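> Provided herewith is a single structure, encoded as structure tokens, for subsequent inquiry.
Values quoted throughout were computed directly from the atomic coordinates according to the rules given, and no laboratory measurement underlies them. Owing to the predicted nature of the structure, the values given are computational and were not obtained by experimental measurement. In this analysis, Cβ positions are derived from the backbone assuming ideal geometry, glycine residues included, and neighbour counts consider all displayed protein chains.
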């Protein structure tokens with residue numbers, strides 16, 4: 001028996017034929033670079049629809065992924081509502097469990113432009129964490145670059161985030177919480193504040209007072225991720241830190257003492273030269 005997602009996919013296929021948006025099942029399959037024989041197996045209930053076939057059908061015929069996954073909403077997306085729609089690519093293990101994708105600094109420059117490219121996403125490193133909170137939902141981690149979020153986050157830290165659905169951007173973002181914001185050309189780690197409820201504008205705040213806040217339109221965003229936790233580089237044990245600081249202080253004292261001795265010798269030399277200048281000629 002077909003899965004419920006496959007059943008909804010078949011309903012969308014039948015609707016396309018009913019509205020004569022496709023002439024036949026064969027033409028539908030070929031338009032999606034899919035074998036007509038394999039599509040026939042799906043329509044007869046002998047196999048389930050693949051994720052790749054779903055992706056192509058969503059892109060080509062505007063099938064509503066919300067309907068496919070939940071059964072809610074219209075079968076197809078309206079053209080006006082899909083200008084900024086994008087499919088969130090994920091990576092799963094052999095058992096179908098979703099893995100956490102990591103976006104290192106070198107990959108961040110091209111991350112926004114490659115969001116819809118499964119090959120790019122599959123090349124990113126992925127991992128799992130034992131905490132139960134990471135077992136449900138979609139999570140992603142990002143390297144922190146720069147010093148704009150110090151002292152909360154330092155360069156080299158990694159933030160682990162949960163995905164924020166686009167239909168929640170207007171009302172669900174929490175003021176002064178930290179988010180990763182993916183624009184059309186950058187990946188930003190900032191606190192956010194809604195300038196005005198429902199205005200579609202955010203103010204991005206840095207924890208480092210050297211950086212000024214700046215506004216950003218929600219329409220300029222491609223993804224938003226809510227920062228849940230961080231991974232920081234290992235630090236020495238407290239006693240080692242104390243010993244290191246004491247050594248630094250001791251070296252500083254020695255340097256100051258050496259400088260003082262040089263100054264004393266310099267002053268002595270100057271005084272001696274001045275006395276020689278004052279002595280009467282023979």
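> Using R₀ = 41 Å, calculate the FRET efficiency as 1/(1 + (r/R₀)^6) where r is the Cβ-Cβ separation of residue 7 and residue 184; round to 0.05.
Values: r = 37 Å, r/R0 = 0.89.
That pair, residue 7 with residue 184, gives E of 0.65.
> As a test of the formula, what do you get for the chain when each DSSP H run with n ≥ 4 contributes -39,500 (n - 2.57) and the sum is divided by the residue count, at 222 nm and rounded to the nearest 500 deg cm²/dmol?
Values: 9 runs with 105 residues, N = 282.
After summing the helix terms and dividing by residue count, I get -11500 deg cm²/dmol.
> Expressed as a rounded percentage, what relative contact order does the chain have, with Cα pairs under 8 Å and six or more residues apart?
On the way: 360 pairs, mean separation 31.8, N = 282.
Relative contact order here is 11 percent.
> Another question about this same structure. Round to the nearest 0.05 the FRET efficiency obtained for residue 167 and residue 60 when R0 = 25 Å and r is the Cβ-Cβ distance.
Working: r = 23 Å, r/R0 = 0.91.
Efficiency, rounded to the nearest 0.05: 0.65.
> Here's a follow-up. Using just the C-alpha positions of segment 100-231 as equal point scatterers, what log10 of I(q)/I(0) does the Debye formula give at each q in 0.10, 0.12 1/Å?
-0.31, -0.45
> Roughly speaking, what is the stretch gain from residue 35 to residue 120, that is 0.36 nm per residue apart minus the C-alpha to C-alpha distance, in nm to one decimal? Could you put the intermediate results ahead of the total?
Working: separation 85, 0.36 × 85 = 30.60 nm, distance 2.55 nm.
Length gained, residue 35 through residue 120: 28.1 nm.
> What distance in nm lies between label points placed 7 Å from Cα along the C-beta direction at residue 275 and residue 15?
10.4 nm
> For a protection proxy built on the mean count of beta-carbon atoms within 10 angstrom, sort 248-257, 205-214, 96-105, 134-143 highest first, please.
Details: 248-257: 10.0, 205-214: 12.9, 96-105: 15.3, 134-143: 17.8.
So the order, starting with the most tightly packed, is 134-143, 96-105, 205-214, 248-257.
> For residue 176 and residue 229 in the same chain, what is the full-extension length gain: residue separation times 0.36 nm, less their Cα-Cα distance, in nm? Walk me through the intermediate numbers first.
Working: separation 53, 0.36 × 53 = 19.08 nm, distance 1.54 nm.
Stretched fully, the residue 176-residue 229 segment lengthens by 17.5 nm.
> Which distance in nm do the two modelled labels at residue 133 and residue 258 give, with both placed 7 Å along the Cα-to-Cβ direction?
The two pseudo-label positions are separated by 5.0 nm.
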